[in-house]
Each structure stands twice: as structure tokens, then as C-alpha cells.
Amino acid sequence: MNILKFFTAGSVDDGKSTLIGRLLYDTDSILADQLEALQSSNRKNDDGTIDLAILTDGLRAEREQGITIDVAYKYFQTEKRKFIIADTPGHIQYTRNMVTGASTANLAIILIDARNGVVEQTIRHSYIVSLLGIKHVVVCINKMDMVDYSETVYSAIIEKYKVLAQQLKLADVTYIPVSALKGDNIVQNSGNMDWYEGESLLHFLEKVDTDNLDKSQLARMPVQWVIRPQTEELHDYRGYAGRVLSGTFNLNDKVTVLPSGASSTVEKIEFFDQTPDAAHAGQSVIIHLKDDVDISRGDTIVNASALPQESKLIEADLCWMDGRALDTSIMYNIQHNSKITRCKISEILHKVDINTLEKHAAEEFKLNDIGRVIIKTADALAFDLYDDNRANGSAILVDTRTNLTVGALMFRAAVE
């Protein structure tokens, strides 16, 4: 059973918490003690029904306690699929948290209040979805019960969003009219909107094709550990452990090791106590090569027929995530998979006003700013462009003074 990772984005009152609560409640994904607390709660909706937003209170409380990356996750499953929901704040000041939660998502649910239509927050959230290359977008026009389930209202919002989607090059967008409060089109199709001929939200989430999600043919494995026991029993053992970022390594595949450029062939693959013929994206394996090659932690094994780019000068989109502004005069650490090296922002090309999508010249980056920069690294990085391979096309910046992650990078081009 495969897993779909998604996140919800919406303004404060667009019904994000209620939508998550409704999904959990109507799929019987609530534990007995949670259900008891829910039924005994005094928090009710105006019509006397249970306030399902209570179910996300635990997540909110966890965030307030300062969980590592300030994003909380909720798990549930149906007979057809497992789901992981990244619960990220929608406020403008929490853009960095949304970027963090969305960075590993396969699908985005963007909520629009049917009474308000497309607003600035819709543009902001959609831009981030576009920036992060999330291929599947579900636009839930929520609170349809408050506009008398009007097809006219729904259609007008779709027409306006289509213009935005085209501008942002969002290729796969699905529109669903819902009422999270009433449960319309969340798990079961609604009888209140006979004019809607599509699927309910859950049915869509169960069926959306994840086989093609992040299925890059670019085989990449950063080496996290070189295993050489050097014991009598394992005198000649030499394996390279790591997680396959993308693509597939097969036995006898020709590979190249970067940055050295050494060539070899895959001789053996170990996966737990098995020796499979192939290692696929997402698997943590040990690869053995036919030749003795000088490999260290941070090197990358790639398929020889599709080499990544190598450069010390990279153009990238940057989302600044720290309260202390970017300082172009100092060195930061850049972590690209298991490779860590020093770097400096050599030029700020522009910042983006993500409410209007306009680009502006800028000399500084502050918390939640997004724009494009040129970064200069001490050692060459072997990377793919983010649009081609999210897994090998991104990195983080770490402030060496505080050891905090201060920026997320999406690589867009190697600078000549």
C-alpha cells in the first residue's frame, strides 16, 4: 500500500482545521480516547454539531511546544492508501513553515472560502506550490453551504483561479466544491450539489497516481557511509551505504562517482539481509562496485549515462527562514544531501512579492522573503535542476554562528 503525502493551505478562516478533522472523522481514523474527548467537548458549531477542528488542536499544541521544524504531521489510512498530512500554518508570517511542510509533499490542497474567492493568501500559497514543483494541486472551494451550494459561485472562482494557475504553470489542478463543516464532497459525494459530476476529495486522494510522482530516471545516491570492517572474516568487504534519492540502480549498471569522475559497475546490492537485483528511490542500501574507487562520505554515485551538473556557482531560488537577515558578507554552510561545504551568497538577483508575483531588485533578505540568488560554494556540487529532480536539486543553508537552518534552496541553473 503506497503513501500519499499532502498538505493543506488556506487562510485562517478558510476551514483548514475543519477539513482535516472531517477527513479523519469520516474515515474513522480517530482513536477511542480522541472520540470520547470530541463527544464530551463543549465546543459546538452554530448548528449544534461537533466542532471537528478540535481534532487538530493536538497538532497545534505540539507546534506551540516548539517541535523541531514547527510543522506537525497527522497519519491515517483507508483500505486503498496511507496518508500523511503536513499541518502547516497559513499565516503570512509562517511562510517558512509552509515551505518546510510542503517540501516533501506530493500534493497540495488549497482551500478557498466560497464567499471570498481568490484572495492574496491564495496567490501566496499557490506561488509556493509552484516554486516547490508540487505536481498535483486540489483546489477545494470550501463553505459551499454558505453560498447556497451555488454552481455560479463555484464556476466564477474556478475561472479566476485558472488564470492564476496558468500564470504559475500549475499543470495538474483539480477543483472540488466542498463544505468541510457539513461533510459535502469530503468523503462521500454530496446530494446538495447535483450539478457537480466529479469525485469526492477522499476518492480523488485515493486514486491520484503517485507512481509518476518524483519518479525521476536519474539514478542518484549520495554516499553516507563507507563500510570497510577490515576484519579477518570481511577482509575485502567494501560497501557504500546511502539512500537512493531518485531513479534505480541495477546490477551491472555503469556508474560514475562524483566529484572524482571515476567509473565503475554495480557489482552487488544489499538491502537488509537481501541481495536484490535493483535498488529503487527511497531505499537505503549498500552498493558494491567492481572496481576499487576512492569514495568518501558526501560523494555521489550516479548512472553514467545521465550525469548531473557540477558547479561552484549556482543560480537558485532562496526562501529565507531565519529572524536574522541574510548577510552577504559572511560564509554559510550549504548542505546538499550528505555533502556539506562552505558557501557565500555572491549576488541577489531579485526578490518576489508573492502577493502580486512581481519581482523587485533587493539588497537584503529577511524572514520569509523569497527570491533568486547566485551562490558560490567552496567545493563543486553535483546537482540536478530542481524542475528535473527535486531530490537532488535542493539544499539548505546553515548559519555557522548558530548552527540553525536559515534558508531553503532550489537550484535553477549552473552559472557559466
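Looking only at helices (runs of 4 or more DSSP H) that lie completely in segment 69-183, which have at least 1 residues being over 14 Å from the mean Cα position of the chain (by Cα) and closer than 20 Å to L19 by Cβ?
On the way: elements: 95-102, 120-131, 151-168.
Where helices (runs of 4 or more DSSP H) fall fully within segment 69-183 and carry at least 1 residues being over 14 Å from the mean Cα position of the chain (by Cα) and closer than 20 Å to L19 by Cβ, they are 120-131, 151-168.
Of everything in segment 137-152, what is in contact with a helix residue (DSSP H, G or I) (Cβ under 8 Å, 6 or more places away or on another chain) and closer than 10 Å to P177 by Cα? Give them in sequence order. Lay out the reasoning, then the answer.
First, the residues of segment 137-152 that are in contact with a helix residue (DSSP H, G or I) (Cβ under 8 Å, 6 or more places away or on another chain): 137-142, 144, 147, 150.
Within segment 137-152, V139, C140, I141, N142, M144, S150 qualify.
Among (1) open to solvent by 40 Å² or more (accessible area, probe 1.4 Å); (2) not in a strand (DSSP E or B), which single condition is D322 missing?
Checking D322 against (1) open to solvent by 40 Å² or more (accessible area, probe 1.4 Å); (2) not in a strand (DSSP E or B), the one that fails is (1).
Pull up segment 180-198, narrow it to residues that are touching a helix residue (DSSP H, G or I) at 6+ places or on another chain (Cβ under 7 Å) and farther than 16 Å from T8 by Cβ, then point me to the one that is most open to solvent (accessible area, probe 1.4 Å).
The qualifying residue most open to solvent (accessible area, probe 1.4 Å) is K182.
Suppose we filter A408, A391 for residues that are open to solvent by less than 40 Å² (accessible area, probe 1.4 Å), at pLDDT below 95, under 18 Å from the mean Cα position of the chain (by Cα) and more than 16 Å from K344 (Cα to Cα); which single one remains?
Details: A408 fails: more than 16 Å from K344 (Cα to Cα).
It is A391.
Please give the number of the condition D209 fails out of (1) more than 23 Å from the chain's Cα centre (by Cα); (2) open to solvent by 60 Å² or more (accessible area, probe 1.4 Å); (3) of a type in the set (D, E, K, R).
Result: D209 fails condition (1) only.
Which residue pairs have Cβ atoms closer than 9 Å, lie 6 or more positions apart in sequence or on different chains, and pair a first residue in segment 194-209 that is free of Cβ contacts under 8 Å to residues at least 12 places away in the same chain with a second residue that is not in a loop (DSSP other than H, G, I, E, B)?
Correct list of pairs: D209/H136.
Of all the residues that make up segment 362-371, how many are basic (K, R) and under 19 Å from the mean Cα position of the chain (by Cα)?
0
Out of E363, E347, E416, which single residue is in a strand (DSSP E or B) and either of a type in the set (D, E) or without any contact (Cβ under 8 Å) to a residue 12 or more places away in the chain (or both)? Spell out how you get there, then give the answer.
Values: E363 fails: in a strand (DSSP E or B); E416 fails: in a strand (DSSP E or B).
Criteria check complete, one pass: E347.
Just checking, which of I375, I396 is farther than 24 Å from K135 by Cα and either open to solvent by 40 Å² or more (accessible area, probe 1.4 Å) or in a strand (DSSP E or B) (or both)? If you could, list the steps in order and put the result at the bottom.
Details: I396 fails: farther than 24 Å from K135 by Cα.
None of the others qualify; the one that does is I375.
Looking at segment 240-254, I want the residues that are under 12 Å from F271 (Cα atoms) and open to solvent by less than 60 Å² (accessible area, probe 1.4 Å) and have a partner that is outside any strand (DSSP E or B) and of a type in the set (S, T, Y) with Cβ atoms under 9 Å, at least 6 apart or on another chain. Which pairs are those?
Close Cβ pairs satisfying both conditions: G242/S338.
Quick one: in segment 325-343, of everything that is of a type in the set (S, T, N, Q) and more than 19 Å from A362 (Cβ to Cβ), which residue is most open to solvent (accessible area, probe 1.4 Å)? Before the answer, list the steps.
Residues of segment 325-343 of a type in the set (S, T, N, Q): 328-329, 333, 335, 337-338, 341.
Next, from what is left, pick out any that are more than 19 Å from A362 (Cβ to Cβ): 333, 335, 337-338, 341.
On the way: N333: 41, Q335: 67, N337: 45, S338: 15, T341: 10 Å².
Residue satisfying both the conditions and the ranking: Q335.
Looking only at segment 275-295, decide whether some residue is closer than 23 Å to L385 by Cα, in a loop (DSSP other than H, G, I, E, B), open to solvent by less than 10 Å² (accessible area, probe 1.4 Å) and in contact with a strand residue (DSSP E or B) (Cβ under 9 Å, 6 or more places away or on another chain).
no
Would you point out which residue out of V147, V187, V163, V173 is of a type in the set (A, V, I, L, M, F, W, C) and farther than 16 Å from V118 by Cβ? Walk me through it before giving the result.
Numbers: V147 fails: farther than 16 Å from V118 by Cβ; V163 fails: farther than 16 Å from V118 by Cβ; V173 fails: farther than 16 Å from V118 by Cβ.
Just one listed residue meets the conditions, V187.
Can A380 be described as modelled with pLDDT of 90 or more, surrounded by 15 or more Cβ atoms within 10 Å (Cβ to Cβ) and not in a strand (DSSP E or B)?
Values: modelled with pLDDT of 90 or more: yes; surrounded by 15 or more Cβ atoms within 10 Å (Cβ to Cβ): yes; not in a strand (DSSP E or B): no.
No: the conditions fail for A380.
Take Y149 and decide whether it is in contact with a strand residue (DSSP E or B) (Cβ under 7 Å, 6 or more places away or on another chain), open to solvent by less than 60 Å² (accessible area, probe 1.4 Å) and not small (G, A, S). It would help to see each step written out before you state the result.
Working: in contact with a strand residue (DSSP E or B) (Cβ under 7 Å, 6 or more places away or on another chain): no; open to solvent by less than 60 Å² (accessible area, probe 1.4 Å): yes; not small (G, A, S): yes.
It is false that Y149 is in contact with a strand residue (DSSP E or B) (Cβ under 7 Å, 6 or more places away or on another chain), open to solvent by less than 60 Å² (accessible area, probe 1.4 Å) and not small (G, A, S).
Taking the conditions exactly as written (within 30 Å of K366 (Cβ to Cβ), assigned to a strand (DSSP E or B), of a type in the set (D, E, K, R) and open to solvent by 10 Å² or more (accessible area, probe 1.4 Å)), does E267 satisfy them or not? Steps first, answer last, please.
Values: within 30 Å of K366 (Cβ to Cβ): no; assigned to a strand (DSSP E or B): yes; of a type in the set (D, E, K, R): yes; open to solvent by 10 Å² or more (accessible area, probe 1.4 Å): yes.
Taking the combined requirement at face value, the residue does not satisfy it.
The values are calculated or read from the model by the stated rules, or taken from the named source; none is laboratory data. Because the structure is predicted, anything quoted here is derived from the model rather than measured. Note: ideal-geometry Cβ built from the backbone for every residue, glycine included; neighbour counts use all protein chains shown. Just so you know, the surface numbers come from the protein's heavy atoms only, side chains and all, with ligands and any DNA or RNA stripped out. Shrake-Rupley method; radii C 1.70, N 1.55, O 1.52, S 1.80 Å.
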